[in-house]
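Notes for the one structure printed next.
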Amino acid sequence: MSTHSQHESASETASRRKRGRSCVLELGPRKKPYIAQDPLVHHGRHFGRAMHAFCNVQTLLTNGIVLMSEGTIDDESLTAVERKEYAIFKELLRMVPGLEARLMTSSKEEIMLVGELVQKGINGARADDTKGMKSTIIDWITPKGQSLNPHIPHNVKSRQGFNHERTGVLLCPAGLDWDNNETRMKLVNGQIQVAGDQWLIFLYTNYTYNAKDPWNGLLRSGLLISAFKHIFTSPSSVDQEPKATRSGNARIHGMQAVTKASIGYTRFALTSAQVFSRTDLVTDSERFYCSIVELLEDPEEKDKVDQLLMWWNRQIFPLYSDLERLPSKDSVLARIRQKRTEYRERTTLAT
């Protein structure tokens, strides 16, 4: 049998491939080899989402190691910023198994490598999360049973911001009236510059802001909840009924409750998504993020913040309970506790 009869000719191969068909007798193109991700990158992704999105990891490690090597940390000898930084450093050590021992026995070069890998995870998560929401956010901001006019394609490449009616009204700073034509044009033209600590109306329940009660509905919008689920539980969990199990990033990292930083991160990811960008200029993302976290960490706002965190946990984690549940009246548990109390009272009287 000739070589030509055993194998198809080059022209036949080219013709078949042109028709979009492949030969089952060929191995096919070689796939790119899978390269396992370093665990530090993996942990860095969650650290950025849940603890600090704009952290300079190298500086954090350097300063943290110095303080830790000094022995007992006296909070009174540290500034407020140093205390906060050290708390974040300790949280990183908690998140990454074996990291503390590794850092204390590593050379400067090895510590630099640790910092680079964790930083890679933080930066990568930020990029992935904002990119991942640029399409699905269109569904979230489209009123049910309606369509956006003008239409925003899911593969949008241009920034919308104040140039689109729907995105513009949601991005309008709380306290400004989007329905006011003069205000709207100034936002569109950039005559009104929105600073990072000017919060946007989409942070509020039903996108309604009450200047006399600015806490009312703050950080409780459905848009934020959808974005949080998309990032921390799974994109498919956004439209599903809450389940008793957790999946996605939260489950992988053992996250059983929201963190203050994770709420700020969700807001950052939303405003940085391409379809939701405010202007063509570089947005003040870090200030956006930090201003939220600053409020949530303010001791004088603790009562309001505790209520907010409880509300969030009930939205995201169905198994979460911050309150001790009393047993039903006349239940077995209630009866056991009652008998125990009666026994203790009798014992006390007897002595």
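Legend: distances between Cα atoms for LYS84/LYS229; LYS229/LYS304; LYS229/LYS302; LYS84/LYS144; pairs beyond 31 Å are LYS84/LYS144. Couplings 3J(HN,Hα) for the stretch 39-50, derived from phi with the Karplus relation 6.51 cos²θ - 1.76 cosθ + 1.60 (θ = phi - 60°), are x, 5, 5, 4, 5, x, 4, 6, 4, x, 6, 9 Hz, where x marks Gly and Pro. The length gained by stretching the chain between ILE252 and ALA80 to full extension, at 0.36 nm per residue less their Cα-Cα distance, is 58.7 nm. Rounded to the nearest 10 square angstrom, GLU297 shows an accessible area of 80 square angstrom against a 1.4 Å probe.
The values are calculated or read from the model by the stated rules, or taken from the named source; none is laboratory data. Every value quoted in this text rests on a predicted model; they were computed, and no experiment measured them. Ligands, DNA and RNA are excluded from the accessible area calculation, which covers all protein heavy atoms including side chains. Shrake-Rupley method; radii C 1.70, N 1.55, O 1.52, S 1.80 Å.
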